[in-house]
1. Rounded to two decimals, what is the ratio between the C-alpha radius of gyration of the stretch 178-264 and 2.2 N^0.38 Å?
2. Quick check on the chain: what are the equivalent-ellipsoid semi-axes from the Cα gyration tensor, as sqrt(5λ), descending, whole Å?
3. If one takes the longest principal axis of the Cα atoms in the chain, at what angle in degrees, from 0 to 90 and to the nearest 10, does the Cα axis of helix 274-284 lie?
4. Once R0 is set to 25 Å, what does the formula 1/(1 + (r/R0)^6) return for the Cβ-Cβ distance between residue 231 and residue 282, expressed as a FRET efficiency to the nearest 0.05?
5. Could you please tell me the mean projected area of the C-alpha convex hull for the stretch 1-151, averaged over all directions and given in square nanometres to one decimal?
6. Counting pairs of alpha carbon atoms under 8 Å apart in space and at least six apart in sequence, what relative contact order in percent does the stretch 87-160 give?
7. Can you tell me how much longer the chain between residue 264 and residue 3 gets when fully stretched, taken as 0.36 nm per residue apart minus their C-alpha distance, in nm with one decimal?
8. In percent, what relative contact order does the chain have, based on Cα pairs under 8 Å that are 6 or more apart in sequence?
Ligand SMILES: Nc1ncnc2c1ncn2[C@@H]1O[C@H](COP(=O)(O)OP(=O)(O)OP(=O)(O)O)[C@@H](O)[C@H]1O
């Protein structure tokens, strides 16, 4: 079992009864001890994919193993390795934090282990609330309870479905810290997110999913370099016929109307080369109407990927 990857997904497709195809031939391998972020817009298929891996939904085609166990034919063994943190709290509002977490452990057939539950609550800064009822907790504390419940049976892999959707910045940073601690303690983490920033902050590897297709899977550092594109646009007071000689070596495109000079550059490196460009611009004597920079948006990245710019397929 230790030889098998933590999660192996092969040729997974899902068509709902409505006829809608939410996943198209997705293949992906997740190694032990990594934080993998599945990034995609609303409706991309993230929750569908997680539900199938966790055995909550059936695939139309393909196969998934968790720790070498098939999620359909060997469901119990596969599921016992997984902790799932859903988007919403569905636990009993009248239960205490300790009891609800302990109960979750029992659902997996594990014997009670109060010391372990207390350890989990301590790691999640919930120990002071161990005897508080869920209904009395803040939204952020409730999120932590969801994680505690998911960790209660000592899973090897933890799924976090949009762990920080709708939470404030402070709590988001707290959650990120907690997730990193769990990874450092040996848990494999898979999180879904809409936020590029979250993936950037947390992940070792990132998968981008759009309309049910896994567009790419890449090491975060490689992807960020690729996505770190910025554009400098110089709007001219008067149109020009061609890119001025002094700017040409810096790599500029001229808009068809001759009024905009556009320079694309990689903002991920140390300090951009903007200063020499501005010096060269001053040297041209051109009258500048406006100047601006923009970053690639997630939307543009997706459009770029859909356009087939990505060579990387899992
Ligand atoms: N039971 C269902 N029957 C039919 N279509 C469904 C069902 N569940 C989900 N879908 C559709 O499948 C697509 C993928 O949904 P899914 O929830 O997996 O997306 P997601 O990436 O998790 O989105 P979000 O970020 O909004 O949570 C959506 O278009 C959704 O409407």
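Taken together, the values in this text are just the output of simple stated rules run on the coordinates, not laboratory data. Values in this document were obtained by computation on a predicted structure and should not be read as measured data. Reconstructed Cβ throughout: ideal geometry from the backbone, glycine too, with neighbour counts over all protein chains shown.
1. Scaled against compact globular proteins, the figure is 1.69.
2. Semi-axes from the Cα gyration tensor: 46, 23, 16 Å.
3. 20 degrees
4. 0.80
5. Directional mean of the projected Cα hull area for the stretch 1-151 stands at 10.3 nm².
6. It comes to 44 percent, rounded to a whole number.
7. Result: 89.5 nm gained on full extension.
8. It rounds to 19 percent for the chain.
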